[in-house]
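Just so it is clear, none of the values below were taken in a lab; they were calculated from the coordinates. Worth saying up front: this structure is predicted, and the values here are computed from it rather than measured. So basically every Cβ, Gly included, is an ideal-geometry build from the backbone, and we count neighbours across all protein chains shown.
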Amino acid sequence: MQGVGTIRFVEIGRLGRIGRGGGRASGADSDAFDEWVAPHWGAMRRLAERLAGRDDRDDVLQEALLAAWSKRESYNVSRGTVQSWLLGIVANQARKSTRGRRRSYPLNDLDGGGTTGPAVHVRLDVDRAIVRLASRQRMAVELFYFVGLSVREVADVMGIAEGTAKSTLADARERLRSYLRDDYK
Amino acid sequence: MSDDIHDLLTRRGAAWRDGLGPDPDQKSMLARHGARRRAPLVAAAACVLVLLVAGGALLVRESSHRAATNSASNSASCAAPAFGDHPNPTTPDFGKRVSIGARTPGSAVEIYGRFYLATCADTATRGSPPGSSAPMTSVVLTFVDRNGQSTRLATIRHNSAGSFRVQIRIPPAAPAGPAILRDSAGHQLDVTVTNR
């Protein structure tokens, strides 16, 4: 994953000057915004797909991009990295998208379909158990194990201390263990 | 046990990421988003435009219909026949009587008439000119004294527009009192016969 330090203040400043008024991204404005988002696009995509499912992923990403574009001038580097800011927006959009149907994701949306790793029935069991987690625990698991962030980055996205992120992950694993006890004890 | 879960999740996450296809195109997604976001606004604007155009067309149609009707009415001029003792007599309002005043027996009176038309093309269809009107024929002016005695005064000779001018003479033997001048179509003028 590309480091957030590659985003320079001058780029953020350029973004702040251009396209004021929240209009449609176009021309140089859009190019600058794309460059700004590009290092984090993969993580945004992974988080959107994990939280909203494959079918709604693109809608969530589009809404997140528009929100990021319209709010770009409110980004404050002292409050967090660009990555944590963008992933926070994706998480919010996914929450809006899946509001009221969190427990009803099609499991094949979560199943990555990879040929390596656990067998299919294990993957399904794990995904089913993850969906049952409390929202904060699930977010920590998704960000750490599936999006591929470090504990520090997970803490940034969730707006919590690094130690809290570690304990949240530990609690989530304990909860998952209880859910999967019959299969893995 | 927790390490087992950690290992399981780590392998599961790695496998999931490996199974992902390519990322969607970021630039096209942002560009598409603008159009998608504006789609309801565009649709609403289109509806408003359609309504405005349709409403405007109806107004134009109604306006032109009224214009045609007004034009037809003006040109056809379907007022009832009017006659009197001065040029350009007007059709009296319904129920009102018109008087030419006091006249002595044997005096001459100029009588003018308008709108003595046999047909009236006061309805025209849009795009078609109003129909032509034909003057009346065989219009006779009659004097009726207070005793109901009738005297034929003149046969009206009007032009093609239904207007005429004719000089009549109050019958010399007419008794004093109220009398009328009447045409064969039933229109009439009041006249008072005096001996002075």
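Would you mind counting up the charge near B:THR142? Only other residues with Cβ under 12 Å from its Cβ, with Lys and Arg at +1 and Asp and Glu at -1. Please report the intermediate quantities before stating the final value.
On the way: positive: B:ARG152, B:ARG182; negative: B:ASP145, B:ASP183.
Around B:THR142, the surrounding residues sum to 0.
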Self-check item: Peptides B:181-190, A:149-158 ordered by average Cβ neighbours within 10 Å, highest first
Solution: A:149-158, B:181-190
Practice problem: Using the Karplus curve 6.51 cos²θ - 1.76 cosθ + 1.60 with θ = phi - 60°, work out ³J(HN,Hα) for each residue of the range A:174-179 in order, rounded to whole Hz, and write x for Gly and Pro. | Solution: 4, 5, 5, 4, 5, 5
Quiz prompt | Peptide-level mean, for A:82-92, of C-beta atoms on other protein chains within 10 Å | solution = 0
